[in-house]
Amino acid sequence: MVLLRAKGDAPATIAEIVGVRVKTVRRVLAAYDRQGLGGLYRRPGSGRPSRLAAKHWQQVKAWVMQGPQAVGYGFVKWTTRSLRNYLDKKWNVTFSREWIRQKLHGLMGFSWTRGEKVPACANQAKRKADRKAFSRQILAKLQSARQGNLILLFEDETIFTLAGKVGYSWSPKGRTQAIPSTGKRERVVVFGAGDPLSGQTHYRLESTINQDTTLRFLRQLVRYYQRQQPGTSLLIILDKHSGHTAASIQDYVGHQERVSILLLPTQSADLNPIEHLWHWLSEQMIKNAFFETTTQLKQAVRHFFSYIAGIKEEVISWLGDLRKLYLKEAAI
């Protein structure tokens, strides 16, 4: 109400926007004028008895938990406005939107939060079991890698386009940084791999993800470690992209001494620490940058990997505490 008044809205307009009586708006603004922010705190009082019993509020809580589609509406989330209208229709009682907000927050323990994407997996029990089994495997492999008997590499790919990405940045108040964009959809695929114990990273630039480009990157990795650490076993962790599970990949790995691959569980990108590396690359070199050609985009990626090659301790920090991650998952 205070902010709306500062913008020049009249009490009647504010009342309509907030969903209360004009008298309430004037009372709140008068309290603010007298006491500042302290005047906006609700003070305890006798108040009038609620027009809904406790069992009714429990029913409201259940409706909020189930969502509006459970009671026949087509929209997907409740707002204070739609909930107010439904209570009026259902029980012929009218509340202000602010009163409903207070009930949702104080009585029922709800808060207005952003949703979180979760994998749409038909068999959640199997997915959970697969993640637990994978995490236990990795914990054993980590122990072997720490003893110097194994090189552990996490592999993944990311895609950047000339359309660009937008991120946060410091800008003068009231102004937003303008990011030029060609609107082109030309893309660069970045294959990457990282050793969470040594901080060693690898990359390869391609135009697509398939069995041929995957095979080229695997050969690059195997040649490097056969030359740098001959005789040490190499385990490469990949997701279940069709380019990773192709017969040609299995055939190549099968003909290599001391080289094996391990596939991540379905829809478990969070168990691959190299995802943090992609976030770092995107924030450092891609977001809010303008690339007119894929050559410029590739140069930015090369610059990033050249830079992190000299700060392996920071790379290890970005990849995170894998033991903590997998212990938690293995215990669920």
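The values are calculated or read from the model by the stated rules, or taken from the named source; none is laboratory data. As the structure is a computational prediction, the values presented were derived from the model and not from experiment. Note that we place each Cβ from the backbone using ideal geometry, even for glycine, and neighbour counts take in every protein chain shown.
The selection criterion, being within 25 Å of the chain's Cα centre (by Cα) and either over 19 Å from Ser260 (Cβ atoms) or modelled with pLDDT under 95 (or both), does not hold for Lys173.
Yes/no per residue for (1) at pLDDT 95 or above; (2) assigned to a helix (DSSP H, G or I); (3) under 18 Å from Val188 (Cβ atoms); (4) aromatic (Phe, Trp, Tyr):
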{"position": "His279", "(1), (2), (3), (4)": "no, yes, yes, no"}
{"position": "Gln284", "(1), (2), (3), (4)": "no, yes, yes, no"}
{"position": "Gln296", "(1), (2), (3), (4)": "no, yes, yes, no"}
{"position": "Phe305", "(1), (2), (3), (4)": "yes, yes, yes, yes"}
{"position": "Leu327", "(1), (2), (3), (4)": "no, yes, no, no"}
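The selection criterion, being buried (at least 19 other Cβ atoms within 10 Å of the Cβ), at negative phi and in the same structural domain as Glu155 (by TED's automatic domain parsing), holds for His244. For the stretch 95-104, the candidate set comprises residues that are among the hydrophobic types (A, V, I, L, M, F, W, C) and either surrounded by fewer than 17 Cβ atoms within 10 Å (Cβ to Cβ) or part of a helix (DSSP H, G or I) (or both); within that set, the residue that is farthest from the chain's Cα centre (by Cα) is Trp99. The condition of being more than 25 Å from Arg302 (Cβ to Cβ) and of a type in the set (Gly, Ala, Ser) holds for only one of Ser198, Ser207, Ser248, that being Ser248. Among the conditions (1) touching a helix residue (DSSP H, G or I) at 6+ places or on another chain (Cβ under 8 Å); (2) at pLDDT 90 or above, Phe95 misses just one, which is (2).
Taking the stretch 308-321 on its own, how many of its residues are of a type outside the set (Val, Ile, Thr) and touching a helix residue (DSSP H, G or I) at 6+ places or on another chain (Cβ under 8 Å)? Outline the logic, then answer.
Within the stretch 308-321, the first condition is being of a type outside the set (Val, Ile, Thr), and the residues that meet it are 309-310, 312-314, 317-321.
Within this subset, residues satisfying the condition of being touching a helix residue (DSSP H, G or I) at 6+ places or on another chain (Cβ under 8 Å) are 314, 318-320.
Matching residues across the stretch 308-321 total 4.
When the stretch 298-320 is examined, which residues are found to be closer than 27 Å to Gln137 by Cβ and surrounded by 13 or more Cβ atoms within 10 Å (Cβ to Cβ)? Hits for the stretch 298-320 are Lys312, Val315, Ile316, Trp318, Leu319, Gly320. Condition (residue is in a loop (DSSP other than H, G, I, E, B) and loosely packed, with under 15 Cβ neighbours inside 10 Å) applied to the stretch 122-137: is it met by at least one residue? Yes, because at least one residue in the stretch 122-137 is in a loop (DSSP other than H, G, I, E, B) and loosely packed, with under 15 Cβ neighbours inside 10 Å.
When you look at Ser111, is it farther than 16 Å from Leu271 by Cα, out of contact with any helix residue (DSSP H, G or I) (no Cβ under 6 Å at 6 or more places or on another chain) and in a helix (DSSP H, G or I), yes or no? Judged against the criteria, Ser111 is not a match. In the set (1) buried (at least 16 other Cβ atoms within 10 Å of the Cβ); (2) in contact (Cβ under 8 Å) with a residue 40 or more places away in the chain; (3) β-branched (Val, Ile, Thr), Thr232 fails one condition alone, (1).
Report yes if some residue within the stretch 243-262 is in a helix (DSSP H, G or I), within 19 Å of Arg204 (Cβ to Cβ) and either modelled with pLDDT under 90 or under 22 Å from the mean Cα position of the chain (by Cα) (or both); otherwise report no. No, the stretch 243-262 has no match at all. For Pro172, the test of being farther than 30 Å from Lys328 by Cα and surrounded by fewer than 13 Cβ atoms within 10 Å (Cβ to Cβ) is passed. So which residues in the stretch 263-283 are closer than 15 Å to Val166 by Cβ and either surrounded by 15 or more Cβ atoms within 10 Å (Cβ to Cβ) or over 24 Å from the mean Cα position of the chain (by Cα) (or both)? Of everything in the stretch 263-283, just one residue is closer than 15 Å to Val166 by Cβ and either surrounded by 15 or more Cβ atoms within 10 Å (Cβ to Cβ) or over 24 Å from the mean Cα position of the chain (by Cα) (or both), namely Ser282.
Entry remark, the stretch 176-203: residues being at pLDDT below 70 and charged (D, E, K, R) number 0 in total.
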